[in-house]
1. Scan region 65-82 and give yes if some residue there is of a type in the set (Gly, Ala, Ser), surrounded by fewer than 18 Cβ atoms within 10 Å (Cβ to Cβ), within 22 Å of ALA111 (Cα to Cα) and free of Cβ contacts under 8 Å to residues at least 60 places away in the same chain, otherwise no.
2. Considering only region 64-103, state which residues are more than 18 Å from ALA54 (Cβ to Cβ) and assigned to a loop (DSSP other than H, G, I, E, B).
3. Confirm whether ALA29 is without any contact (Cβ under 8 Å) to a residue 60 or more places away in the chain, assigned to a helix (DSSP H, G or I) and not acidic (Asp, Glu).
4. Quick one: is ALA42 in contact with a Cys (Cβ under 8 Å, 6 or more places away or on another chain), farther than 16 Å from VAL110 by Cα and hydrophobic (A, V, I, L, M, F, W, C)?
5. Taking only region 61-114 into account, find how many residues are within 20 Å of ALA42 (Cβ to Cβ), in contact with a Ser or Thr (Cβ under 8 Å, 6 or more places away or on another chain) and of a type in the set (Val, Ile, Thr).
6. Do we find a residue being touching a helix residue (DSSP H, G or I) at 6+ places or on another chain (Cβ under 9 Å) and under 17 Å from VAL97 (Cβ atoms) anywhere in region 34-55?
7. Go through region 1-16 and count every residue that is over 17 Å from VAL37 (Cα atoms) and touching a helix residue (DSSP H, G or I) at 6+ places or on another chain (Cβ under 9 Å).
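Each value in this text was obtained by applying a stated rule to the coordinates, not by laboratory testing. This is a predicted model, so every value here is computed, not measured. A quick note on method: Cβ atoms are made from the backbone with ideal geometry, for glycine too, and the neighbour counts reach across all protein chains shown.
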Amino acid sequence: MDWMLRDLAESVPQTRHVVVLSADGLCVARHGTEDAVADRLAAACAGLQSLAGAVAAELPHGTGRMRLVVLEVSGGFFYLMAAGEGAYLAVLADEDVDAGLMGQRMRDLVARIGEHLGSPPRAGERAR
């Protein structure tokens, strides 16, 4: 999966970090970042996807499932996209990034490898 993440990062100028994470916040794969940074981003993303799902559940015809979150913060953008069952693709980019291109490349990547990004629930979670 590393080469696919690298392809995303290199095809969109101003991309800083690319992380694939499980729904419970564990880093599954990364590109352009150190382990500690990837772990922090993955943990923060788990909370964000949970919060987005809670907001989505308030929509009358929604499923309560988060599909995409985009945050504009001082210095750049953060993207979080659902990428298979229990998996998410997160990207941190500089403020000069082409937002449309980033969204398109992320969707393309998820479509190409979505089934490989799935992270099934752990054995202990199935019993709940």
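1. no
2. SER74, GLY75, ALA83, GLY84, GLU85, GLU95, ASP96, VAL97, ASP98
3. Against the criterion (without any contact (Cβ under 8 Å) to a residue 60 or more places away in the chain, assigned to a helix (DSSP H, G or I) and not acidic (Asp, Glu)), ALA29 does not qualify.
4. Yes; evaluated as a whole, the condition is true for this residue.
5. So the answer is 1.
6. No, region 34-55 has no match at all.
7. Taking region 1-16 first, the residues over 17 Å from VAL37 (Cα atoms) are 1, 3-4, 7-8, 10-14.
Checking which are touching a helix residue (DSSP H, G or I) at 6+ places or on another chain (Cβ under 9 Å) leaves us with 1, 4, 7-8, 11-14.
Count: 8.
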